[in-house]
Amino acid sequence: MILYFSGTGNSEYTAKRIGEEINDEIMNLGEKIRSRDFSGIHSDTPWVVAAPTYAWRIPRILQEWLEKTELTGNKNIYFVMTCGGNIGNAGRYLKKLTDAKGLSYQGCAQIIMPENYIAMFTTPTREEAAGIIRRSQSAIDKAARQIKLNRPFPQVPVTRKDKINSGIVNDIFYPMFVHAKKFRATGACISCGKCANNCPLNNIRLKNGFPVWGRSCTHCMACINRCPSQAIEYGKHTQNLPRYTCPQSRG
């Protein structure tokens, strides 16, 4: 079974492409995380978790869900992580997680996808994004073949910088930068409520028709990138930057 969490569609696209290649069931974890549903799941086929990379590891809200949810049946588990650059030393923490759950870690595949972290980086134009997605397909298909053959993903070299990024930098990054204080809605807001509906943490509510952010933000960028009127900004950094969502993902 393929489980995925996706803010702007990169991991959703990856999960669906793998699902088509290996002919396996796909489950969107967004609603389970949103409703804090930790009820157990069973799969006779290997587990495949498709997820974005947040500060060189899987998102902490996904980490929590995996820790608290019993996965029964097949003991093998693969991870496929989408990223704009690299996944660092994420594998070390994934193996620790799966070992604690009694699962057999089969490795982590890195899939380069268009940058979506508009709060800090520059998002690509539509043409640039299309090119990156095209180039990602061979890596996704290669990962799918490994899963289909029940072979572990090849291990990739981990540098000292990778270890620092996934360790110390990740630990510092979350408390210092992952918050919703800089989000704001402009006068272009049409009060559609999509930002609230897309938030995986129920962190957004409408007040007098405009979104208001709470404290439980994971920086998935779903609200700002999926806003149909491009009415959400994150400080001054996002002004005039193109919004990015994977064209093949849900609206």
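The values are calculated or read from the model by the stated rules, or taken from the named source; none is laboratory data. Just so we're clear, the structure is a prediction, and the values are computed from it rather than from any experiment. We place every Cβ from the backbone using ideal geometry, glycine too, and count neighbours over all the protein chains shown. Keep in mind that these areas ignore ligands, DNA and RNA; they rest on the heavy atoms of the full protein, side chains included. Shrake-Rupley method; radii C 1.70, N 1.55, O 1.52, S 1.80 Å.
Return yes or no: is E21 assigned to a helix (DSSP H, G or I), touching a strand residue (DSSP E or B) at 6+ places or on another chain (Cβ under 9 Å) and in contact (Cβ under 8 Å) with a residue 24 or more places away in the chain? No.
Reported count of residues in segment 209-227, each being under 20 Å from F173 (Cα atoms), in a loop (DSSP other than H, G, I, E, B) and not β-branched (V, I, T), is 7. Looking across K182, K207, K163, one residue alone is in the same structural domain as A130 (by the TED database), out of contact with any Leu (no Cβ under 6 Å at 6 or more places or on another chain) and of a type outside the set (S, T, Y). It is K163. Within segment 95-137, being open to solvent by 80 Å² or more (accessible area, probe 1.4 Å) and in a helix (DSSP H, G or I) holds for K95, K96, D99, A100, R126, E127, E128, R134, R135.
Let's see how each residue does on (1) within 18 Å of Q106 (Cα to Cα); (2) open to solvent by less than 10 Å² (accessible area, probe 1.4 Å):
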position	(1), (2)
S35	no, no
G40	no, no
V49	yes, yes
Y54	no, no
I61	no, no
L66	yes, yes
T69	no, yes
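Could you grab me the full set of residues in segment 71-92 that are over 16 Å from the mean Cα position of the chain (by Cα) and open to solvent by 10 Å² or more (accessible area, probe 1.4 Å)? Passing the criteria: L71, T72, G73, N74, K75, N76, N89, R92. Scanning segment 157-172 for residues that are within 16 Å of G85 (Cα to Cα) and either surrounded by 14 or more Cβ atoms within 10 Å (Cβ to Cβ) or touching a Pro at 6+ places or on another chain (Cβ under 8 Å) (or both) yields V158, D162, K163, I164, N165, S166, V169, N170.
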